[in-house]
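The values are calculated or read from the model by the stated rules, or taken from the named source; none is laboratory data. The model shown is predicted, which means the values in this text are computed figures rather than measured ones. Positions of Cβ are generated from backbone atoms using ideal geometry, with glycine treated the same way; all protein chains shown enter the neighbour counts. What goes into the accessible areas is simple: the full protein's heavy atoms, side chains included, and nothing from ligands, DNA or RNA. Shrake-Rupley method; radii C 1.70, N 1.55, O 1.52, S 1.80 Å.
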Amino acid sequence: MKMNRRLATANTKILIAGLIAVAIVVAVIAVVRFDTTGKKGSGLGQEFIYDVGELGKIDPNLILYKESAPAINTRFTKCRAIALAPQGTIYVAGDKAIRKFDESGNDLGEIKLADAPMCLTIDTDGKIYIAMKNYVQVYGNPPKPLATWQNLGSDAVLTSIAVSKNDVFVADAGNRIVHRFDKTGKLSNRIGARDKDKNISGFVVPSPYFDLAVARDGLLRVTNPGQHRIEAYTFDGDLEFWWGQFSAGVQGFCGCCNPVNFAILQDETFVTCEKGLIRVKICDPEGAFVGVVAGPEQLVEGGPSRVSEFGPASQAPGFDVAVNTSGRIFVLDTIKNVVRIFTRTSQKNNSDITFP
Amino acid sequence: MSKHSEQTPGRRQILIAALRYGALGLLGATGGAAVFARKKNNTQNTVWQIDPEICIACGNCATYCVLEESAVKCMHAYAVCGYCRICFGFFGPEPADINEGAENQLCPTGAIKRSFVEDPYYEYTIDESLCMGCGKCVKGCSTFGNGALYLQVRHDRCLNCNECSIAAACPSGAFKRVPADKPYLLKRVDHV
C-alpha cells in the first residue's frame with residue numbers, strides 16, 4: 001500500500017515535470033517563431049505577391065547593344081532630360097541647371113537657371129531652347145539668356161521641346177497638346193487637340209511624360225502614351241499615321257502609359273524608352289520591333305523587382321534618351337542621375353520574329 | 001554613552017528623514033503620474049496612420065493587424081489618377097484581354113471596380129468590404145502609373161492599439177502617429 005502511494009507520487013512528479021518541459025519547449029518555439037519585426041514577410045500566398053521579374057527578363061539574342069563607355073555622372077540630385085548638340089556635346093537638364101559633357105564624361109560647363117528645367121534642345125546654330133514647367137527660355141552660344149517666352153499658364157507641364165528649320169515644338173503634358181512657336185516665340189498653332197473631323201482622338205497623357213521629335217521626313221512625331229503609340233503629324237496639325245500597341249511582351253509597349261521618351265536615329269529607326277519595366281528598344285520607321293538596347297536587368301540594379309520595391313515617393317521614373325550621328329545611344333538614368341552610353345554590336349534585325 | 005548617542009539617531013532625526021524621503025517620494029510620484037497622464041493624453045489625441053510616401057506595400061498590413069480583417073485598406077487618390085484604359089493597379093502584368101474578366105484582374109479579392117467614363121478613360125473604385133490591405137494593386141500602380149492607389153488605416157475599424165502590431169512589423173517605418181483631428185495622410189496632387 002505504502003509502496004503504491006510512493007509510486008503514484010513519483011508518477012505525478014514525472015507527469016508534472018514532463019508537462020513543464022513541454023510548456024517550456026512550446027514557449028521557446030513560440031518566442032523564436034514570433035515575428036514582431038515583420039522580417040519574415042507577410043505570410044501571404046503567391047497570389048498576393050506582385051512580381052514582374054519574369055517579364056523583365058529579355059532574351060539575350062534580342063539585345064543588339066552593349067554599354068560601351070563608363071557612365072557619366074551628372075552630379076544632379078534630380079536629372080530630367082538629355083539632348084545632344086549637332087557636334088555631339090551632351091547637355092543634361094536637372095535640378096536648376098544645364099550641364100555639358102563630352103562623350104568621355106569631361107565637364108564642359110554649366111548654365112545656372114532660376115527654375116528647374118524640364119527639357120531642352122539644341123539648334124544647329126548652337127542656341128539652347130530650355131522648357132521650364134510652363135515657359136521657354138532661349139540661351140545663346142556662348143550661353144547667355146536671349147529671350148523668355150510667354151507663360152503658358154498654371155496647367156501647363158512642358159515635357160519635351162524640339163526644333164525644325166523655322167519652328168519650335170513644345171509638348172505640354174498638362175494640357176495634352178503640342179504648341180508650335182516660330183523662333184521668336186510667337187505661337188503659330190496647337191497640334192493634337194481631339195478633332196473627330198480630322199480623325200484625331202487626342203493625346204492621353206496620364207503622367208508627365210509626353211515626348212516629341214522632328215523626323216527627317218518633315219513630320220512631327222509625338223508620343224501618345226495612354227494609347228501606347230507614336231503619332232506622326234504635319235506641322236499644321238494633320239494626323240498622318242501612327243504606330244505602336246500595348247503588350248507586356250518585348251515587342252509592344254507595357255504598362256498604363258508608354259513609351260515615355262524616344263529619339264530618332266540617322267536611319268529613321270526609333271529608340272523608345274519605357275517606364276515601369278524600364279526598357280530601351282529599337283523600332284523601325286513603321287514601328288516594327290527590331291531589338292533591345294537594354295532591358296530592366298541591364299538598366300536597374302536588382303532588375304524589375306527592385307523597381308517595384310521602391311516607395312511611391314521614388315516611383316520608377318522615365319529614362320530619357322538621345323542619339324548621335326554615329327548611332328550611339330545615350331540613356332539618361334534618372335534613378336542614378338548618370339548618362340549611360342550604348343553602342344550597337346549586332347546588325348541583326350528581329351522585325352520578322354513572330355511573338356506569341 | 002555619549003558616543004552611542006552620536007551614532008543612534010534621535011526621534012527627531014528619524015522624523016525629519018522620514019519627512020524628507022516622504023516628500024521626495026511624493027514629488028517622484030507626482031512627476032511620474034504627470035508623465036503617464038501626458039503619455040495617455042497623447043495616445044488619446046493621436047492615431048496610427050501610414051505615410052504613403054514611405055510605404056512600400058510589402059503586404060504586412062494584411063496579416064499583422066490584430067483584427068481578423070485588417071484595418072488597413074486601399075484608398076484611391078482620384079486627383080492623381082490617370083483614369084487609364086489599361087490600369088496596372090487593376091490589370092495583372094500580362095492580362096489575357098483588356099476587360100473586367102476575373103482572370104485579367106490583379107486584385108486577388110476583386111476589390112477594385114472598373115467603370116467606363118468616356119473613351120478612352122475608365123474610373124476605378126475600391127470596394128473596402130473586399131479589400132484586405134495586401135497592397136498588390138498599390139505596387140502595380142506605383143510601378144507603372146502615378147501611384148494613385150495607396151494604403152491607409154481606416155479609423156472606423158482601427159482599435160488604435162497602444163503598440164500597433166503592424167507598426168512593429170512595418171519594414172519601411174511608414175507607420176506613424178498623427179493627430180486625431182487629421183487622421184489621414186492623403187496623397188497630394190502635385191505630380192511633377
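For B:Val189 and A:Lys186, what is the calculated FRET efficiency with R₀ set at 45 Å and r taken between the beta-carbons, to the nearest 0.05?
Between B:Val189 and A:Lys186 the formula returns 0.90.
Among A:Leu277, A:Leu15, A:Leu84, which one shows the highest mean-square fluctuation when chain A is modelled as a Gaussian network with alpha-carbon springs under 10 Å?
Sorting by GNM fluctuation, first place goes to A:Leu15.
Give the percent of DSSP beta bridges with both residues in segment B:47-179 that are antiparallel, rounded to the nearest 5.
So the antiparallel bridges amount to about 100 percent of the total.
Would you be so kind as to identify which of A:Ile63, A:Cys256, A:Leu19 lies farthest towards the positive end of the dipole of the protein assembly as shown, taking Lys and Arg as +1 and Asp and Glu as -1 on Cβ and the Cα centre as origin?
It is A:Leu19.
Based on the mean of other Cβ atoms within 10 Å per residue, sort peptides B:57-65, B:100-108 so the most packed one is first.
Going from most to least packed, we get B:57-65, B:100-108.
Stretch A:Ala116-A:Asn141 to full length: gain in nm at 0.36 nm per residue minus the Cα-Cα span?
Computed gain between A:Ala116 and A:Asn141 is 7.0 nm.
Quick one: Cα centre-to-centre distance for segment B:70-114 and segment A:188-243, in angstrom?
28
For a quick check: with amide H placed at 1.01 Å from N, whose amide H comes under 5 Å from A:Asp211's, ignoring anything fewer than 5 positions away on the same chain?
Amide H neighbours of A:Asp211, under 5 Å, 5+ apart: A:Thr223.
Could you sort out which of A:Lys57/B:Lys73; A:Lys40/A:Lys78; A:Lys348/B:Lys139; A:Lys336/B:Lys73; A:Lys281/A:Lys336; A:Lys78/A:Lys275 sit more than 25 Å apart by Cα distance in this structure?
A:Lys57/B:Lys73; A:Lys40/A:Lys78; A:Lys348/B:Lys139; A:Lys336/B:Lys73
Checking buried surface per residue: for segment A:187-209, which residues lose a minimum of 10 Å² accessible area in the protein assembly relative to the chain alone (1.4 Å probe)?
A:Arg194, A:Val204, A:Pro206, A:Ser207, A:Pro208
Mind checking the per residue accessible area of chain A for me, 1.4 Å probe, whole number of Å²?
46
Which aspartates and glutamates have a Cα lying under 14 Å from the Cα of A:Lys96, excluding residues fewer than 8 positions away in the same chain?
Of all the aspartates and glutamates, those that pass the test against A:Lys96 - Cα under 14 Å, at least 8 places apart if same chain - are A:Glu110, A:Asp115.
Give the aspartates and glutamates reachable from A:Lys112 as a straight Cα distance under 19 Å; neighbours fewer than 8 places away on the same chain don't count.
Output for A:Lys112: A:Asp95, A:Asp102.
For peptide A:45-52, compute the average count of partner chain beta-carbon atoms within 10 Å of each residue's beta-carbon. If you can, show how the numbers build up before the last one.
Numbers: counts 2, 1, 5, 10, 5, 15, 3, 8.
The mean count of partner-chain Cβ atoms within 10 Å per residue comes to 6.
In segment A:226-290, which GluC sites (Glu not before Pro) are in a loop and have at most 16 other Cβ atoms within 10 Å, using DSSP for the loop call?
A:Glu268, A:Glu286
Mind checking how much accessible area A and B bury in total, 1.4 Å probe, in Å² rounded to 100?
3500
Determine Rg/Rh for the protein assembly as shown; Rg is computed over alpha-carbon atoms and Rh is the Kirkwood hydrodynamic estimate from the same atoms. Spell out each step's value before the answer.
Numbers: Rg = 31.9 Å, Rh = 27.1 Å.
Rg/Rh: 1.18.
Aspartates and glutamates within cross-link reach of B:Lys136: Cα-Cα under 18 Å, excluding same-chain residues under 8 positions apart?
Within the straight-line limit of under 18 Å, B:Lys136 reaches these aspartates and glutamates: A:Glu47, A:Asp51, A:Glu54, A:Glu309, B:Asp51, B:Glu53, B:Glu69, B:Glu94, B:Glu100, B:Glu103, B:Asp127, B:Glu128.
Please work out the average accessible area per residue across segment B:153-192, using the 1.4 Å probe convention, and give it in Å². Before the final figure, lay out each step's value.
On the way: 2490 Å² over 40 residues.
I get 62 Å² per residue for segment B:153-192.
Quick check: at a probe of 1.4 Å, how many percent of the accessible area of the protein assembly as shown sits on carbon and sulfur atoms?
C and S fraction of accessible area: 54 percent.
Given a 1.4 Å probe, show me the residues in segment B:123-147 buried by at least 20 Å² of accessible surface when comparing the whole protein assembly to the chain alone.
Buried on complex formation: B:Met132, B:Cys134, B:Lys136, B:Lys139, B:Ser142, B:Thr143, B:Phe144, B:Gly145, B:Asn146.
Ignoring ligands and nucleic acids, what accessible area does A:Lys183 show with a 1.4 Å probe (Å², nearest 10)?
60
Compute the long axis of helix A:2-33 from its Cα atoms, compare it with the longest principal axis of the Cα atoms of chain A, and write down the angle in degrees, 0 to 90, nearest 10.
10
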